[in-house]
1. Quick check: is even one residue across the range 238-250 acidic (Asp, Glu), open to solvent by 30 Å² or more (accessible area, probe 1.4 Å) and modelled with pLDDT of 90 or more?
2. Which residue pairs have Cβ atoms closer than 6 Å, lie 6 or more positions apart in sequence or on different chains, and pair a first residue in the range 42-68 that is outside any helix (DSSP H, G or I) with a second residue that is of a type outside the set (A, V, I, L, M) and open to solvent by 10 Å² or more (accessible area, probe 1.4 Å)?
3. Look through the range 81-108, keep the residues that are part of a helix (DSSP H, G or I) and crowded, with 20+ Cβ neighbours inside 10 Å, and return whichever of them is modelled with the lowest pLDDT.
4. Among the numbered conditions (1) outside any helix (DSSP H, G or I); (2) out of contact with any His (no Cβ under 8 Å at 6 or more places or on another chain), tell me where Ala115 comes up short.
5. Conditions first: (1) touching a helix residue (DSSP H, G or I) at 6+ places or on another chain (Cβ under 6 Å); (2) surrounded by fewer than 22 Cβ atoms within 10 Å (Cβ to Cβ). Val36 passes all but one, so which condition is the exception?
6. Can you confirm whether Phe118 is over 30 Å from Gly379 (Cβ atoms), touching a residue at least 24 places away in the same chain (Cβ under 8 Å), under 23 Å from the mean Cα position of the chain (by Cα) and surrounded by fewer than 22 Cβ atoms within 10 Å (Cβ to Cβ)?
7. Select from the range 170-184 the residues that are small (Gly, Ala, Ser) and under 21 Å from Tyr87 (Cβ atoms) and list them in ascending order.
8. Hey, among Gln523, Gln466, Gln450, Gln435, which residue is over 29 Å from the mean Cα position of the chain (by Cα), at pLDDT 90 or above and of a type outside the set (Gly, Ala, Ser)?
Amino acid sequence: MEDMNSLIDWSRLQFALTAIYHWLFVPLTLGLSVIVAVMETIYVRTKSEKWLACTKFWMTLFGINFAIGVASGLILEFEFGTNWSNYSWFVGDIFGAPLAIEGIFAFFIEATFVAVMFFGWGKVSKGFHLTATWLTAFGASLSALWILVANAWMQYPVGMEFDPEQMRNVMDNFWDLFSGVAINKFFHAVFSGWALAGVFVIGVSCWFLYKKRNVEFALRSIKTGGWVGLIGMALTMWTGDGSAVEVARHQPMKLAAMEGLYHGQKGQSLVGFGIVNPDKNWDDAEAEYLFKFDIPNGLSILARHDYEAFVPGIADIINGVDINENGDTINTVSYAERIERGKMAQQALRDYDAALKDGNEAEMAEAKQRLEQDYPFFGYGYFDTVEEAIPPVGLTFTMFRIMVILGSYFLLFIIVALIIAYKKSGALTKSKMLQWIAMLSVPFMWLCSQAGWAVAEVGRQPWTVQDLLPTKAAISSVSTSSVIVTFWMFAAVFTALLIAEVSIMVKTTSRESKKNLDPVNPQVS
């Protein structure tokens, strides 16, 4: 068992490592492609060489990021087959479909038109080139759509049924994959990419101001990136609200972990800032927090859009206690009963398989009926105690607050940057402090983005597919040593790729900054 736990932990670490590195590149690709398209649109409309210079500069940085992002993404998809083969078998018909569409259709659009973006200057018309740029941005978002639809299915499995003869899930309604969870997740991720790219453009542009080079270029970039970033941040918060409602509806244990909440109540407050008690267990009398600052009724509003709504905590969910809209206490399915019914579902599947081999159709039908009755709790049958179904509360709680606090900061940051950039006093071009704040804010935007994914993925543990397949049942039968070796190999490769990207971007920015990015043009700029 110790070896099995080691294999699970190392497999999870390897996948987490790959996903974290990949997500360093994805949001910048999503956002910077839109900013470049906006800049080129202004260039085509105004015919100003200044906007052409802006477009080409940021397009270069986009290309560097795009190339390295593709390399990390390919490895991520291969890991489903190498490290998580049981998962791939269990859900392949459903999970594989959106990933196949992403590779065949969405990535094809993106890869085709990105070539026109970079090599089509002077070879195709301005209108066709602009169309290619917008289609590249569209293709990047379309790729994200299919990947996030697949991820959302893991959080909220719908549109399928379990086929006991194949011992796997098969799709029965493709369009069910576009659930509220999927739609909110897609827009939340894409718009957060706009916000991240906006902060990135502001930060890099402030480096130009700090060096007193191409000042007009920098201010134009700040205004364009700032507006895209502001729209992205506002829409990120809006879709985040929708995501919170979906989590409360379909993953209440994740929401409870996000809040460090063990015993809920009507009109539940939201912890604005605090530290959870690391010694707290779900069934003891220990305090939930070492300290906290509450926002009255905040969680009820966030989760249910109802000032007085009841929000269950971890202990409530485990015990199967909830309160309906009339204020009456009702019993849902406790975790102890879920574990029992999950084991019954797994036994029914074994009985079905035995009857199938014997050709006993009556026993097959009876076993299938029992399986269908208890299948919603199939995954709980892998647990021996209810504690196994509780996600890491401390990490989920902390990452959620990092995301929210930094997200609030960046909304204010972008607004302030835009206001100062439009002021004629030139405060942004003169203040070294403001320039340093902008430059130092860039890595924290990535921290905010990564924290959001940590909440989504750590908060749903121990599941690979919510309620149906825990991580310990999803891994491949490989040696722990091979996973450890490949973990360190990937760590070295991804770190080298990241260093290469940062180095190339810095050198490119430094080289380009010495050129005149504010060319004289008699037409409107």
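The values are calculated or read from the model by the stated rules, or taken from the named source; none is laboratory data. Everything numeric in this text was worked out from a predicted model, so none of it was measured. We place every Cβ from the backbone using ideal geometry, glycine too, and count neighbours over all the protein chains shown. For the accessible areas, the whole protein counts, side chains as well, though only heavy atoms, and no ligand, DNA or RNA atoms are used. Shrake-Rupley method; radii C 1.70, N 1.55, O 1.52, S 1.80 Å.
1. yes
2. Matching pairs, first to second residue: Lys47/Gln523; Ser48/Asn521; Ser48/Gln523; Ser48/Ser525.
3. This residue is Ala106.
4. For Ala115, the exception is condition (1).
5. Checking Val36 against (1) touching a helix residue (DSSP H, G or I) at 6+ places or on another chain (Cβ under 6 Å); (2) surrounded by fewer than 22 Cβ atoms within 10 Å (Cβ to Cβ), the one that fails is (2).
6. Spelling it out, it is not the case that Phe118 is over 30 Å from Gly379 (Cβ atoms), touching a residue at least 24 places away in the same chain (Cβ under 8 Å), under 23 Å from the mean Cα position of the chain (by Cα) and surrounded by fewer than 22 Cβ atoms within 10 Å (Cβ to Cβ).
7. Ser179, Ala182
8. Testing whether each residue is over 29 Å from the mean Cα position of the chain (by Cα), at pLDDT 90 or above and of a type outside the set (Gly, Ala, Ser) leaves just Gln435.
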